[in-house]
1. Counting Lys and Arg as +1 and Asp and Glu as -1, each charge on the Cβ, what is the dipole of the range 13-159 about the Cα centre in debye, to the nearest 20?
2. When ranked by the protection proxy of mean other Cβ atoms within 10 Å per residue, highest first, what sequence do the peptides 39-45, 114-120 form?
3. How big is D, in µm² s⁻¹, for the range 14-159 by Stokes-Einstein at 25 °C and 0.890 mPa s if Rh is the Kirkwood radius over C-alpha pairs?
4. Per the 1.4 Å probe, what fraction of the accessible area of the range 27-159, in percent, lies on carbon and sulfur atoms?
5. Quickly work out the Ala117-to-Val37 label distance, labels modelled 7 Å from Cα along the C-beta direction, and quote it in nm with one decimal.
6. Roughly how big is the range 75-133's charge dipole about its Cα centre, with Cβ charges of +1 (Lys, Arg) and -1 (Asp, Glu), in debye to the nearest 20?
7. Taking +1 at the Cβ of each Lys and Arg and -1 at the Cβ of each Asp and Glu, which of Val113, Ala143, Pro159 sits farthest along the dipole of the range 113-159 towards its positive end, judged by Cα position relative to the Cα centre?
8. Once the range 53-107 is represented by equal point scatterers at the alpha-carbon sites, with solvent omitted, what log10 I(q)/I(0) does the Debye formula produce at q = 0.25, 0.26 Å⁻¹?
Amino acid sequence: MKPALAGLAAVGLTACLACSGDAAPSYVDVELGDEMVSVGVTEGPPDLTMGGVDDLVVGPHGDLFILDAKSVRVLRFSVSGEPLAGVGREGDGPDEFRWPAGIDMDAQGRLVVLSQAHQTLARFSVDADSLRFIDAPRLPFPARDLCFLGDRMYVLGTP
């Protein structure tokens, strides 16, 4: 086993051992509060219909970007829940994805979509009323998720 993986296995094993035992499960009371906004519908106009929420990110101005992997697209909603833009469909072209797995915003405010089957990170500029395709750099390994912390990108995958 590689040294880096040995440490990861030890952490995972420790976490599993900590979960076992005779301790009673504990529960946390959560107050959800009032609904502020509702977005999307399961049936209705195509710009509002979603198959599911697989990932989401809040943009720098409060817009909500939702990855709907079932419909193979990303939808953008305003703070008040109005649909603003959408991008994607199943395929191999610039605005198309296969097995989209994650979305996030980079430090420059661009939307990044991980397409698992293509092993790419499709980048989109976020304009006032649209999402415009920039490019889709290929990853050197299969990836399952991504996130940005400041100006650094982290990709979960198997090199």
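The values are calculated or read from the model by the stated rules, or taken from the named source; none is laboratory data. Fair warning: this is a prediction, and the values are worked out from it, not measured in the lab. Cβ: placed from backbone, ideal geometry, glycine included. Neighbour counts: every protein chain shown. Keep in mind that these areas ignore ligands, DNA and RNA; they rest on the heavy atoms of the full protein, side chains included. Shrake-Rupley method; radii C 1.70, N 1.55, O 1.52, S 1.80 Å.
1. Values: 11 positive and 23 negative charges, 141 e Å.
Roughly 680 debye for the range 13-159.
2. Numbers: 39-45: 11.4, 114-120: 19.0.
Those peptides, ordered most packed to least, come out 114-120, 39-45.
3. Values: Rh = 16.8 Å.
Estimated via Stokes-Einstein, D reaches 146 µm²/s.
4. Values: 4210 of 8140 Å².
Reported share for carbon and sulfur atoms: 52 percent.
5. Placing both labels 7 Å along Cα→Cβ, they lie 3.2 nm apart.
6. Numbers: 6 positive and 9 negative charges, 19 e Å.
The dipole of the range 75-133 has a size of about 80 debye.
7. Pro159
8. Listed by q, the Debye log ratios stand at -0.99, -1.04.
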